[in-house]
Protein chains: 2
Amino acid sequence: MNLDSRTELLNEFVETCRQAELSITPQRLAVYKALLRSDNHPSPDMIYKSVLPEFPTISFATVYKILETFDQNGIISKVTALHNKLRYDPIKEHHHHIICVKCKKIIDIKSDDLDKLPIPSEVKEDNELIDFTVHFNVICSECRKKD
Amino acid sequence: MNLDSRTELLNEFVETCRQAELSITPQRLAVYKALLRSDNHPSPDMIYKSVLPEFPTISFATVYKILETFDQNGIISKVTALHNKLRYDPIKEHHHHIICVKCKKIIDIKSDDLDKLPIPSEVKEDNELIDFTVHFNVICSECRKKD
DNA sequence: TTACCTGCAAAAGGTTTGCAGGCTA
DNA sequence: TAGCCTGCAAACCTTTTGCAGGTAA
């Protein structure tokens with residue numbers, strides 16, 4: 001990432017925090033900078049280690065809380081909502097998933113159109129493609145009712 | 001699932017086990033039947049609870065081992081390879097992911113074609129769509145070299 | 001000044017591992 | 001019979017929670 005776009009993103013971050021009424025603490029800034037620095041979809045412990053040199057007193061719990069806050073406010077996002085539990089699929093036919101980000105319910109969808117989606121050349125360039133699925137992240141009707 | 005297709009799948013299961021030189025133990029059969037019974041992409045503990053009435057002595061570790069074995073032999077599959085660690089994405093532009101199922105490396109892909117994929121009507125029917133991403137599950141070149 | 005935020009520590013939750021004994025093929 | 005499979009228990013790893021003190025606005 002070049003300097004201009006980093007500065008731009010940092011300004012945007014400050015603006016987003018103001019709008020969301022989030023304090024811009026040194027810890028939050030450090031975590032956000034670590035995220036900008038990263039290029040590999042970091043896990044909380046990677047962020048923690050990356051922040052540690054410039055912030056030796058930060059705690060693991062704080063990193064978790066900050067990341068969750070950022071996610072809640074649309075500043076960053078989880079790569080998958082299904083990170084906290086192993087889920088198995090017995091169906092072998094090619095299909096796709098609707099996933100409720102709140103209750104983690106998973107619904108299958110079959111769609112010929114989706115099955116035929118264009119596979120970008122970079123996918124097969126260096127990798128052995130096993131399969132692909134489209135994940136539709138939603139809030140399901142039950143969870144909407146609860147809010 | 002109707003009886004015919006259940007019987008068919010069970011026969012297929014037996015055949016797959018033979019080909020993979022897997023013993024067909026009562027425990028494995030019970031777990032497989034529980035998977036067929038399920039319609040909600042069960043987690044290991046859901047499978048465990050589902051098997052328990054007909055198999056009160058089965059252990060949690062066995063369920064995990066059986067599910068892993070089934071996955072390794074293509075009998076079932078994980079809904080996401082990223083279940084064992086939270087991963088964050090700082091990029092807000094719409095994009096998609098190449099995921100190595102071995103080392104869990106994640107690579108971004110941008111593609112206008114993928115962004116425009118047809119969203120099945122059932123997705124928006126009852127749910128509030130937040131976003132969607134295509135997950136390309138691969139074995140990356142580094143991991144292939146290791147094997 | 002006040003509500004929000006951090007840091008510590010402990011707990012919780014999910015998954016993996018090692019090993020001894022038992023069962024399938 | 002031999003090697004694979006199970007069940008138990010403990011360990012491990014990640015994530016969450018409660019609370020007391022500190023800090024941003």
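We did not get these values from a lab; they are worked out from the coordinates using the rules stated. As the structure is a computational prediction, the values presented were derived from the model and not from experiment. Using ideal geometry, Cβ is built from the backbone for each residue, glycine included, and neighbour counts are taken over all protein chains shown.
Using the Cα atoms of chain B, I'd like the radius of gyration and the largest Cα-Cα distance, Dmax, both in angstrom.
Every Cα atom of chain B included, Rg and Dmax give 18.8, 53 Å.
Can you pull the mean other chain C-beta count within 10 Å for peptide B:99-111?
Whole-number average of other-chain Cβ neighbours for B:99-111 is 4.
What average count of beta carbons from other chains do you get within 10 Å of the Cβ of residues in B:115-126?
Averaged over the peptide's residues, the number is 5.
From the label point of A:Lys116, set 7 Å along Cα to the beta carbon, how far off in nm is each other copy's matching point, shortest first?
With the label placed 7 Å along Cα→Cβ, A:Lys116 yields 1.6 nm.
Which of the aspartates and glutamates could be linked to B:Lys92 by a straight reach, that is with a Cα gap under 14 Å, when you skip same-chain ones fewer than 8 residues away?
B:Lys92 reaches A:Glu8, A:Glu12, A:Asp39, A:Asp71, B:Asp108, B:Asp115, B:Asp131.
Compute the normalised compactness of the range B:96-146: alpha-carbon radius of gyration over 2.2 N^0.38 Å, N being the residue count.
Dividing the Cα radius of gyration by 2.2 N^0.38 Å gives 1.48.
Once the range A:1-79 is represented by equal point scatterers at the alpha-carbon sites, with solvent omitted, what log10 I(q)/I(0) does the Debye formula produce at q = 0.17, 0.18, 0.21, 0.28 Å⁻¹?
The Cα Debye sum returns log10 ratios of -0.63, -0.72, -0.99, -1.59.
What is the mean number of Cβ atoms from other protein chains located within 10 Å of the Cβ atom of each residue in peptide A:140-146, rounded to a whole number?
Taking all residues of A:140-146 together, the mean is 2.
Could you tell me the convex hull volume per residue, in Å³, taken over the Cα atoms of the protein assembly as shown?
Looking at the protein assembly as shown, the number lands at 180 Å³ per residue.
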